[in-house]
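Taking it in order: structure first as structure tokens, then the write-up.
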Amino acid sequence: MSDKNPKASVEKQIYSMLNDLCVQYNVMTHEAAATITACAGINAAFGDAEHCKNLFLANRRQTRFFLLMMAGHKKFRTAEVSKQIGQARLSFGSDDDLARLLHIRPGAVSPLGLLFDQNHEVDLLIDQDLLNKPFILVHPGVNTATIRISMDDFKQKILNGTDRKWQTVRLS
């Protein structure tokens with residue numbers, strides 16, 4: 001891309017891909033919000049949506065990658081997730097792998113980055129409780145904006161529309 005700001009370029013590409021998939025969404029721009037705590041005001045403004053905590057994970061050798069979508073109020077327990085997906089030990093994936101595979105940086109991790117993962121190198125894990133939410137809030141590749149998407153559009157148009165498989169996990 002010839003954009004001077006690569007972050008803006010990724011954001012524009014995500015909006016374009018969402019439009020191509022006929023996904024309905026609402027956008028709110030805001031100050032940088034790199035943590036779930038920083039997103040509290042955004043959640044209140046939307047009111048009816050769950051802000052996703054998105055974690056980019058890898059196996060011990062950094063050869064398999066996972067994106068875990070979970071409810072923002074839950075705590076990540078490595079052992080709990082590792083056991084459910086049959087991986088001996090998970091840790092956070094590297095910043096370089098995150099950028100290479102999902103075109104995003106730490107603080108803006110989002111399942112919308114999967115739109116760039118054409119070879120499906122990142123396995124998507126979704127917390128069961130999140131699947132029951134009518135709407136989710138995610139970053140569009142940058143942490144200065146938040147998108148509200150219906151869970152139905154996320155599953156049907158984004159995941160099914162891009163032939164993306166996912167695995168459900170149960171987080172306590």
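Scanning region 76-86 for residues that are touching a residue at least 12 places away in the same chain (Cβ under 8 Å) and either open to solvent by less than 40 Å² (accessible area, probe 1.4 Å) or of a type outside the set (Phe, Trp, Tyr) (or both) yields 77, 78, 80, 81, 84, 85. The residue that is most open to solvent (accessible area, probe 1.4 Å), among those in region 94-148 that are within 23 Å of residue 63 (Cβ to Cβ) and part of a strand (DSSP E or B), is 123. Checking 24, 62 one by one, the residue that is in contact with an Asp or Glu (Cβ under 8 Å, 6 or more places away or on another chain) and modelled with pLDDT of 95 or more is 24 and no other.
Taken together, 168, 162 contain a single residue that is in contact (Cβ under 8 Å) with a residue 60 or more places away in the chain, open to solvent by 20 Å² or more (accessible area, probe 1.4 Å) and hydroxyl-bearing (Ser, Thr, Tyr), which is 162.
The values are calculated or read from the model by the stated rules, or taken from the named source; none is laboratory data. Just so it is clear, the model here is predicted, and its values are computed rather than measured. Neighbour counts run over all protein chains shown; Cβ positions are idealised from the backbone, glycine included. With ligands, DNA and RNA removed, areas are computed over all heavy atoms of the protein, side chains included. Shrake-Rupley method; radii C 1.70, N 1.55, O 1.52, S 1.80 Å.
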